[in-house]
Ligand code: HEM
């Protein structure tokens, strides 16, 4: 390899910790400032390691499509989830993805639509007046996720699991920045807390699986159980993985879509017209394409607030990504957040303009909320469908207006969640 140019290094004040503190405290502000100062690609020192951050579509394409002898998934999430579709590699990943894929076929997703509609309509009946928008989004998505993944119609809403999942991820994410990584069996305070949270999460998932089995439900899990090589432990890990991957991502995406609509009267009216057009129905995934405004709102909120705001990989062999040399052992990030707000590829990138998606020439790798390459999100169709049905059913009947005109800031955890509460008024639309 001739070109050994490395991305510019972001200077840091601490020799030992590098920029770990700034990075962990306010990651979005930090990476945005770095991009403004050092360009689309830069290097950040975090503890003993440095992370290469990419936000240029051509480079991002490389990261997602380089084969897994060169770019491997990071090991961190395996501490929590074990070996599952989201974390595994090679033959194990192929086997797990193959079985998971049998559930996410078009026909199967289509067969779930009537039940999904029923759940959404039922949930919407519970709301009027002042509504905590995030709590609403979490509750409605929880009902859908437990139906889709576990086949359950009703289950009591357990204490909000997101903080637990966030704490686990924070723990995993802070490990690369630690100078010494103590083995997890050592009884340190942080390790004890980690094991306690992990147990709580697994107990919760087990409870749902047991209940689902009792009721003999057909679900994602019953499809995964057909794999003769899947051990009971692997199945519980998959059950948690699919919960984590599908719940917070869609709940937060719903929150941001509704938040943005509540603050944009004209766009909200477009959605209202589309939702109440009796010539349009959703019977199959294909029908979604008729809901242009709704689809564009979903895309635009995922552009501004991508639930999976970065994807990381570990470089297993010296390689070249775009103009830069990436040495073996480097952690690399495809920064979905930065590329989707990059002014070189988006006009007025910070402005909510769903109709920008009418443009057919959008750079494929400047808009990657669901990733790219062979690990593209397996739940992409399902997520888009769930979100579209909710927007359609909600705006057909209900108007939402902000209780106060305030901007909500973002908390970058496992996904991008709102930092503060945001209330809206749900009022019946006049027919
Ligand atoms: C708005 C919602 C969602 C977003 C933005 C999203 C985003 C993503 C992204 C960016 C990846 C790529 C990961 C990588 O390359 O490292 C991914 C993978 C994945 N997603 Fe999603 N996701 C969403 C919803 C869902 C749903 C509903 C499910 C399941 C029902 C799901 C299950 C998965 C799984 C299992 C993977 C791993 C795929 C693999 O490595 O083969 N996601 N998702």
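For the range 348-374, the set of residues classified as in a loop (DSSP other than H, G, I, E, B), modelled with pLDDT of 95 or more and on the phi < 0 side of the Ramachandran plot consists of 349, 350, 351, 352, 353, 367, 368, 369, 370, listed by residue number. Tell me whether the range 25-37 contains one or more residues that are farther than 21 Å from residue 411 by Cα, surrounded by fewer than 21 Cβ atoms within 10 Å (Cβ to Cβ) and modelled with pLDDT of 90 or more. The answer is yes, given that some residue of the range 25-37 is farther than 21 Å from residue 411 by Cα, surrounded by fewer than 21 Cβ atoms within 10 Å (Cβ to Cβ) and modelled with pLDDT of 90 or more.
Table: residues versus (1) closer than 16 Å to residue 354 by Cα; (2) surrounded by fewer than 16 Cβ atoms within 10 Å (Cβ to Cβ); (3) within 16 Å of the ligand (Cβ to nearest atom).
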| residue | (1), (2), (3) |
| --- | --- |
| 245 | no, no, yes |
| 267 | yes, no, no |
| 273 | yes, yes, no |
| 277 | no, yes, no |
| 293 | yes, no, no |
| 297 | yes, no, yes |
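For the structure I just gave you, tell me whether residue 218 is within 16 Å of the ligand (Cβ to nearest atom), modelled with pLDDT of 80 or more and either buried (at least 19 other Cβ atoms within 10 Å of the Cβ) or in a loop (DSSP other than H, G, I, E, B) (or both). Judged against the criteria, residue 218 is not a match. Each residue in the range 229-252 was checked for being out of contact with any strand residue (DSSP E or B) (no Cβ under 9 Å at 6 or more places or on another chain) and under 16 Å from residue 309 (Cβ atoms), and 4 of them qualify.
Quick check on my filter: what residues within the range 400-412 are outside any loop (DSSP other than H, G, I, E, B) and in contact with a helix residue (DSSP H, G or I) (Cβ under 7 Å, 6 or more places away or on another chain)? The answer is 400, 401, 402, 410, 412.
Yes or no: residue 325 within 30 Å of residue 149 (Cβ to Cβ) and more than 14 Å from the ligand (Cβ to nearest atom)? Criteria not met by residue 325.
Residue-level analysis places residue 360 outside the set of residues that are away from the ligand (no atom under 16 Å from the Cβ), without any contact (Cβ under 8 Å) to a residue 12 or more places away in the chain and closer than 19 Å to residue 310 by Cα.
Taken together, 347, 331 contain a single residue that is within 16 Å of the ligand (Cβ to nearest atom), surrounded by fewer than 20 Cβ atoms within 10 Å (Cβ to Cβ) and over 25 Å from residue 250 (Cβ atoms), which is 331. Applying the criterion of at least 3 residues that are within 21 Å of the chain's Cα centre (by Cα) and touching a residue at least 24 places away in the same chain (Cβ under 8 Å) to the strands (runs of 3 or more DSSP E) found wholly in the range 261-327 leaves 311-315. Taken together, the residues in the range 48-92 that are within 11 Å of the ligand (Cβ to nearest atom), under 19 Å from the mean Cα position of the chain (by Cα), closer than 14 Å to residue 311 by Cβ and not in a helix (DSSP H, G or I) amount to 5.
Tell me, which residue of the range 93-111 that is in a helix (DSSP H, G or I) and away from the ligand (no atom under 11 Å from the Cβ) is nearest to residue 391 (Cα to Cα)? Full working, then the answer.
So in the range 93-111, the residues in a helix (DSSP H, G or I) come out as 93-103, 106-111.
Those left that are additionally away from the ligand (no atom under 11 Å from the Cβ): 95, 99, 102, 106-108, 110-111.
Working: 95: 35, 99: 31, 102: 27, 106: 21, 107: 22, 108: 22, 110: 18, 111: 20 Å.
Residue satisfying both the conditions and the ranking: 110.
Among the residues examined, residue 365 does not qualify as more than 25 Å from residue 67 (Cα to Cα), away from the ligand (no atom under 11 Å from the Cβ) and touching a helix residue (DSSP H, G or I) at 6+ places or on another chain (Cβ under 7 Å).
Residues that are in contact with a strand residue (DSSP E or B) (Cβ under 8 Å, 6 or more places away or on another chain) and assigned to a strand (DSSP E or B) do occur in the range 384-399.
Would you mind stating whether residue 417 is within 29 Å of residue 25 (Cα to Cα), outside any helix (DSSP H, G or I) and within 16 Å of the ligand (Cβ to nearest atom)?
Yes, satisfied.
Across the range 407-428, a minimum of one residue is classified as over 16 Å from residue 256 (Cα atoms), surrounded by fewer than 12 Cβ atoms within 10 Å (Cβ to Cβ) and at pLDDT 90 or above.
The values are calculated or read from the model by the stated rules, or taken from the named source; none is laboratory data. None of the values given here were measured: they were computed from a predicted structure. A quick note on method: Cβ atoms are made from the backbone with ideal geometry, for glycine too, and the neighbour counts reach across all protein chains shown.
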